[in-house]
Amino acid sequence: MSLFPEAAPYRVLARKYRPATFAGLIGQEALVTTLGNSIAANRLAQAWLLTGVRGVGKTSTARIIAKALNCIGPDGAGGPTVNPCEVCANCTAISAGQHLDVIEMDAASNTGVDDIREIIEGVRYASVSARYKIHIIDEVHMLSKNAFNALLKTLEEPPAHVKFIFATTEVNKLPATILSRCQRFDLKRIPTEMLARHFATIAEQEGVEVEPDALKLVALAADGSVRDGLSILDQAISLAGTGPVTASAVRDMLGLADQRLLMALMDAILTADAETALAHCTAAHDGGTDPEAILQGLLDLVHSLTRARLAGHPSSTRGEEETARIARWVAGVSFPALHRLWQLLLKGHGDVRVAPNPQQAAEMAILRCVHGAGLPAPEDLLRPRPADSAEGLAPQTPSPPLPARPVATTPTNTVGQICDAQALLSLFSGREPELARHLHDDVAILEVGDYQLRLGSCRRLPPRFVDDISRCLHDWTGEPWRVSLTTDDTTPTLRDQEVAAATLARERAAEDPLVKAFQQVFPGSQLLAGHTGDTGPMAATTIRRSA
């Protein structure tokens, strides 16, 4: 006999803090409410299907349901309850995984029809000591097609004392015939903030000091999984020994890039400082950070920036220093710039994974981001730019307007009166499109107003054109109109005026220094369109590069 008592075996945090009741199941309020109401109203399904990513509590929930259905209370006289007592024989045996009437099966290693046949044979017999005989089948999607088919009849009409609980991470692989026989619950990923608070509570119970930023890193790395996060926290506590768990230690343990270095690198990229960006990239590599992790960290930052730009404020999952810097970046970066940066980093991340020298690929990707951040957006090239003496551009004097003979108009307050050419054209466009086309393309509108319309013929017109115009105006306004047509080839039509204006705008745009600079950078490009506006000689242009 040993003189020293044996120490209790260590239980990892993921097992030690596995939820034993619905109250301890975090982040699944909808499931808890539904099951609680079902148990209270005695509306129990014959089968439940629990889906979700790894580590969100599927198997734990299945065991809690088994205890809730079979709990008899401390006095042995209780019934199904949403709050199992955890002290009766059934609760303690189920928690220990030793209850004869709660059978757990791993479908990953028991995939065949023979395994299911054993279940089918067993359901015919009454439970040994529990109220319900419960079959928990984990990773149920791994069952074979024949096994699913063998289970169908029993699953649809099981004996009253039998319940089935299925758990799976790949619900899309289940046959529709199985899904239709189960009450389905989708367990959600646990939010990062909730995970961090949960881990902080566990660290306090363990008597371990953990920095808040370290808890956030653990929660982010857990990706919504409680079990994954507890495993990471367990490892971090072991790494820290008797000291506190620091964010830098967790970052090194997870192989993450140093966040301060990443923030400095992102700052250099956004300010188009290539030399500083390469220096930070080299420092991260020398510090042992994997090049792929550098690109992944930058991608995470761009994603955070985009979300912050959309929400108007940074996420609360980052530290104060990071939050302040992201808030400063958000004020000066646009969505198009963020989208370009994301695409460049995503392409660089793929290059790093396949490159023979990942560090070189990472540096080239970062340089592309630096140069991409320093270039103007394509839409900015087409906007008018005010004269800038520092760039050597002389102020431009707006060109005189296009000479054209004005259309005479006669102001009137008479209801229904047509008093200008555009009003006349709009009236015909909605009612007589063919006549409107002739008014726009083939005649010069010399005078309109006071029930008089004088037109100048520039091109061939239909024989009854004047009569049709006069009749339409009389019908629409209720007044007799005097319409005359003379030969006039000196006044331009509305179409001719528009063409002349477009040509003049193109000529002015071609003289703009910005367009000339663009054509020097892209030789052979063509100016297709341009128009003037109040903001300058080139309000907008369309430029096409040659193939």
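The values are calculated or read from the model by the stated rules, or taken from the named source; none is laboratory data. All of these numbers come straight from a predicted model, not from anything done at the bench. Here Cβ is always computed from backbone atoms with ideal geometry, including for glycine, and neighbour counts include all displayed protein chains. Areas reflect the complete protein model, heavy atoms only, side chains present, ligands, DNA and RNA absent. Shrake-Rupley method; radii C 1.70, N 1.55, O 1.52, S 1.80 Å.
Rundown of residues vs (1) free of Cβ contacts under 8 Å to residues at least 12 places away in the same chain; (2) within 23 Å of residue 118 (Cα to Cα), yes/no style:
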{"site": "55", "(1), (2)": "no, no"}
{"site": "63", "(1), (2)": "no, yes"}
{"site": "73", "(1), (2)": "no, no"}
{"site": "77", "(1), (2)": "yes, no"}
{"site": "81", "(1), (2)": "no, no"}
{"site": "87", "(1), (2)": "no, no"}
{"site": "94", "(1), (2)": "no, yes"}
{"site": "99", "(1), (2)": "no, yes"}
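Among the residues of region 27-60, those that are within 31 Å of the chain's Cα centre (by Cα), buried (at least 17 other Cβ atoms within 10 Å of the Cβ) and assigned to a loop (DSSP other than H, G, I, E, B) comprise 27, 28, 52, 55, 56, 57.
The rows are residues; the columns are (1) in contact with a Ser or Thr (Cβ under 6 Å, 6 or more places away or on another chain); (2) part of a loop (DSSP other than H, G, I, E, B); (3) among the hydrophobic types (A, V, I, L, M, F, W, C); (4) under 30 Å from residue 80 (Cβ atoms).
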site	(1), (2), (3), (4)
119	no, no, yes, yes
127	no, yes, no, yes
131	no, yes, no, yes
146	no, no, no, no
151	no, no, yes, yes
155	no, no, yes, yes
159	no, yes, no, yes
165	no, no, yes, yes
218	no, no, yes, no
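Residues in region 173-190 that are open to solvent by 70 Å² or more (accessible area, probe 1.4 Å), touching a residue at least 24 places away in the same chain (Cβ under 8 Å) and not in a strand (DSSP E or B): 173, 188, 189. Which one is modelled with the highest pLDDT, of the residues in region 510-532 that are under 38 Å from the mean Cα position of the chain (by Cα) and either closer than 21 Å to residue 497 by Cα or part of a strand (DSSP E or B) (or both)? Step by step, filter region 510-532, then rank; the result is 526.
Assess whether residue 9 counts as being of a type outside the set (Val, Ile, Thr) and open to solvent by 90 Å² or more (accessible area, probe 1.4 Å). Yes.
Quick check: anything in region 247-263 outside any helix (DSSP H, G or I) and at pLDDT 90 or above?
Here is the first cut: in region 247-263, the residues outside any helix (DSSP H, G or I) are 255-258.
Now drop any that are not at pLDDT 90 or above, which leaves none.
No, that holds for no residue.
The set of residues from region 192-223 being within 22 Å of residue 64 (Cα to Cα) and either under 30 Å from the mean Cα position of the chain (by Cα) or free of Cβ contacts under 8 Å to residues at least 60 places away in the same chain (or both) comprises 194, 195, 198, 199, 201. The condition of being open to solvent by less than 20 Å² (accessible area, probe 1.4 Å) and aliphatic (A, V, I, L, M) holds for only one of 232, 294, that being 294. Quick one: residue 458 ticks every box in (1) surrounded by 16 or more Cβ atoms within 10 Å (Cβ to Cβ); (2) over 17 Å from residue 429 (Cα atoms); (3) modelled with pLDDT of 80 or more except a single one, so which number is it? Going through (1) surrounded by 16 or more Cβ atoms within 10 Å (Cβ to Cβ); (2) over 17 Å from residue 429 (Cα atoms); (3) modelled with pLDDT of 80 or more one by one, residue 458 breaks only (3). Just to be sure, is residue 328 open to solvent by 60 Å² or more (accessible area, probe 1.4 Å), part of a helix (DSSP H, G or I), out of contact with any helix residue (DSSP H, G or I) (no Cβ under 8 Å at 6 or more places or on another chain) and at pLDDT 85 or above? In short, no. Does residue 471 satisfy being out of contact with any Gly (no Cβ under 8 Å at 6 or more places or on another chain) and surrounded by fewer than 17 Cβ atoms within 10 Å (Cβ to Cβ)? When the stated conditions are applied, residue 471 passes them.
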